[in-house]
Amino acid sequence: MSLLVADQLSKTYKSTGWFRSDQSADQGVHHISFTIESGSCLGLLGESGAGKSTIGKIILGLLAPDSGKVLFQGVDLYAASRSQRKELRRDLQVVFQDSYSAVNPRMTIKQIIGEPLRNYERLSAKEEIRVISELLEMMGLRADDMYKMPSQMSGGQLQRVNIARAIALKPKLVVLDEPVSSLDMIVQKQILLHLKELKEKHGFSYLFISHDVMAIHTLSDQVAVLDNGTIVETIDAESLFDTVHPSCQRIVGAKSSDQFEGFVF
């Protein structure tokens, strides 16, 4: 059984008002289908406005589709009971693009990472500190960083904290919504390396949403290319630069993998 199945998902936004046009009247995503297997990363690649964020919200249970199903661990996410959804939520976590807006600025790093642990686990204070220390060190940070405030950390450091929080419960799937796009290239490389190591060593699975061909190629096993709300092609990441589909060629551009040698691990 696949870890996650998106089956013919559609969501349409109807524009209203004086400035409505025929072109804007039917925006959204249409008949989106893909699967994610345990321990793998599916990259969802598309330009701005292609519908990536809409798909991410549907997969996370934040936006109900007009039609279609999301099956997570065999359970229909939008037909599940409240108790089922709470358990599924444990296994389905997210890392957003903006590291600062994703945290409470009044909480310490220890409180931020410890929040899901307190919601789902019954750990002693000593055990919680041990787990948080391990998570921080796993992400290339120091254990005593847990006593800092978000304002004392750089954007890259805080995004590592967000990833540590997302993996604290050892979820089955992490949705990565443009997690490195606001960071400089050196920090992007470091964080993608940590994500890749987590997948290889601990078996984490990802849905990696991005407009960045370079990042998608680095982390993903397969890539679903989204254009105007529709998946136009799903290919192995290694074949991304060899695509012949016109929409894919436009999105990937005239770039070759040789241009990304300094980025790919």
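The values are calculated or read from the model by the stated rules, or taken from the named source; none is laboratory data. This is a predicted model, so every value here is computed, not measured. Cβ placement follows ideal geometry from the backbone for every residue including glycine, while neighbour counts extend to all protein chains displayed.
For the range 126-142, indicate whether the set of residues that are farther than 25 Å from LEU226 by Cβ, within 19 Å of the chain's Cα centre (by Cα) and at pLDDT 95 or above is non-empty. Yes, the range 126-142 contains a residue that is farther than 25 Å from LEU226 by Cβ, within 19 Å of the chain's Cα centre (by Cα) and at pLDDT 95 or above. Counting only residues that are under 21 Å from the mean Cα position of the chain (by Cα) and either within 21 Å of LYS189 (Cα to Cα) or among the aromatic types (Phe, Trp, Tyr) (or both), which one in the range 248-265 is modelled with the highest pLDDT? Once the filter is applied, the top-ranked residue is VAL252. All told, LEU141 falls short of being out of contact with any Asp or Glu (no Cβ under 6 Å at 6 or more places or on another chain), touching a residue at least 24 places away in the same chain (Cβ under 8 Å) and hydrophobic (A, V, I, L, M, F, W, C).
Here's the yes/no breakdown for (1) closer than 28 Å to GLY68 by Cα; (2) of a type in the set (Lys, Arg); (3) in contact (Cβ under 8 Å) with a residue 60 or more places away in the chain; (4) surrounded by 19 or more Cβ atoms within 10 Å (Cβ to Cβ):
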position	(1), (2), (3), (4)
ILE209	yes, no, yes, yes
ILE216	yes, no, yes, yes
SER220	yes, no, yes, yes
VAL225	yes, no, yes, yes
THR234	yes, no, yes, no
PRO246	yes, no, no, no
ILE251	yes, no, yes, yes
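The number of residues in the range 55-73 being in contact with a Ser or Thr (Cβ under 7 Å, 6 or more places away or on another chain) and surrounded by 18 or more Cβ atoms within 10 Å (Cβ to Cβ) comes to 2.
Taking the condition closer than 15 Å to VAL94 by Cα and not in a helix (DSSP H, G or I), does ILE163 pass?
Details: closer than 15 Å to VAL94 by Cα: yes; not in a helix (DSSP H, G or I): no.
For ILE163, the condition - closer than 15 Å to VAL94 by Cα and not in a helix (DSSP H, G or I) - is not met.
Please verify whether the range 6-19 includes one or more residues that are of a type in the set (A, V, I, L, M), buried (at least 20 other Cβ atoms within 10 Å of the Cβ), at pLDDT 95 or above and in contact with a Pro (Cβ under 7 Å, 6 or more places away or on another chain). Give the derivation first.
Filtering the range 6-19 down to residues of a type in the set (A, V, I, L, M) leaves 6, 9.
Adding the requirement that they be buried (at least 20 other Cβ atoms within 10 Å of the Cβ) leaves 6, 9.
Cutting the leftovers down to at pLDDT 95 or above gives us 6, 9.
From the residues that got through so far, the ones that are in contact with a Pro (Cβ under 7 Å, 6 or more places away or on another chain) too are 9.
Looking for residues that are of a type in the set (A, V, I, L, M), buried (at least 20 other Cβ atoms within 10 Å of the Cβ), at pLDDT 95 or above and in contact with a Pro (Cβ under 7 Å, 6 or more places away or on another chain), one finds at least one in the range 6-19, hence yes.
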